[in-house]
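First the structure, in the form of structure tokens, and then the observations on it.
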Ligand code: TIU
């Protein structure tokens with residue numbers, strides 16, 4: 001077992017049964033002209049997540065961990081988009097409307113895909129999800145089970161929306177989740193703080209929280225073949 005110093009206490013995991021989950025690092029959330037911006041958000045708030053997440057991704061690949069990417073989005077005919085989701089609020093463009101990076105939050109469009117900095121490699125599953133959680137309406141659970149995964153290292157955007165929903169769904173299904181505090185991002189600094197606090201509170205009611213350097217500190221020695 002490998003142990004990471006985390007909040008509320010040590011997080012122990014076996015890299016062979018742990019997946020790095022990268023949630024919705026799509027142009028639609030991280031770049032101008034996409035879904036996140038149509039909702040009125042400053043997408044620059046999420047850019048800080050990219051460099052530490054690139055390092056975690058490179059390290060996870062080097063040690064041979066399972067890596068799973070997710071993308072939020074919908075079929076071109078919107079058959080999997082509840083009207084309640086499309087009609088909610090007063091966005092500048094709605095899901096399915098044409099935008100500068102293609103139709104907003106629609107599979108196959110340029111804006112729907114993962115940013116170049118974190119592009120999946122062949123063999124890394126990409127789970128397309130219609131909702132905020134990664135289990136709802138997807139084969140995410142089957143992908144994890146097929147690989148014998150019992151622990152998740154969770155990263156991506158946004159902290160209080162798709163990351164939180166996924167961690168809550170995973171926790172209820174018996175997965176142990178470590179959320180990397182600098183590798184998850186929110187458009188709202190106060191939600192970032194509260195979202196992370198909620199995960200680790202009450203003895204880790206949803207899971208554990210640690211900065212990426214705490215994970216890298218235990219994975220890098222494994223990489224160099226020295227005892228950790
Ligand atoms: N709006 C917002 O903060 N997030 C989402 O709509 N989806 C994800 O978090 N991926």
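Readers should treat all values here as calculations from the given coordinates under stated rules, not as data from a laboratory. If you're wondering where the values come from, they're calculated on a predicted model, not measured in any experiment. When we count neighbours, we look across all protein chains shown, and the Cβ atoms used for this are built from the backbone with ideal geometry, even at glycine.
If you build a Gaussian network model of the chain, linking Cα atoms that sit under 10 Å apart, which residue out of 151, 186, 12 swings the most?
Checking each option, the largest mean-square fluctuation is seen for 12.
Anyone know which of 96, 64, 156 comes out most mobile in the 10 Å Cα GNM of the chain?
Taking springs between Cα atoms under 10 Å, the residue moving most is 64.
Okay, which of segment 2-24 sit inside 19 Å, backbone N to the point 7 Å along the Cα-Cβ direction of residue 201?
Inside the label zone: 7-9.
In nm, to one decimal, how far is the residue 124 label point from the residue 191 one, both placed 7 Å along Cα→Cβ?
Distance between label points: 2.5 nm.
Would you calculate the separation in nanometres between label points at residue 223 and residue 84, each defined as 7 Å from the Cα along the Cα-to-beta-carbon direction?
With each label placed 7 Å out from Cα toward Cβ, I get 4.4 nm.
Counting C-alpha atoms alone, how compact is the chain: give Rg to one decimal and Dmax as a whole number, in angstrom.
Just the Cα atoms of the chain yield Rg and Dmax of 17.0, 55 Å.
How much length is gained on full extension from residue 92 to residue 107, taking 0.36 nm per residue of separation minus their Cα-Cα distance?
Additional length available on full extension: 3.4 nm.
Between residue 172 and residue 14, what length comes free when the chain is fully extended (0.36 nm per residue of separation minus the Cα-Cα distance, one decimal in nm)?
Gain on extension, residue 172 to residue 14, equals 54.9 nm.
Given the rule -39500 (n - 2.57) for each run of at least 4 DSSP H residues, summed and divided by the residues of the chain, what is its mean residue ellipticity at 222 nm, to the nearest 500 deg cm²/dmol?
The per-residue figure over the chain is -8500 deg cm²/dmol.
Take residue 139 and residue 50, extend 7 Å from each Cα along the Cα→Cβ direction, and tell me the distance between the two endpoints in nm.
3.1
Taking a spot 7 Å from the Cα of residue 147 along the direction of its beta carbon, which residues of segment 6-23 have an amide N less than 17 Å from it?
Within reach of a label on residue 147, which here means backbone N under 17 Å from a point 7 Å along Cα→Cβ, segment 6-23 contributes 13-23.
Within 10 Å of each residue's Cβ, count the other Cβ atoms and sort 7, 24, 97 from fewest upward.
97, 7, 24
So how tilted is helix 50-63 from the main axis of the chain? Cα-based, degrees 0 to 90, rounded to 10.
That helix lies at roughly 50 degrees to the long axis.
Where the centroid of each part is defined by its Cα atoms, how far is segment 95-119 from segment 1-37 in Å?
Each part reduced to its Cα centre gives a spacing of 21 Å.
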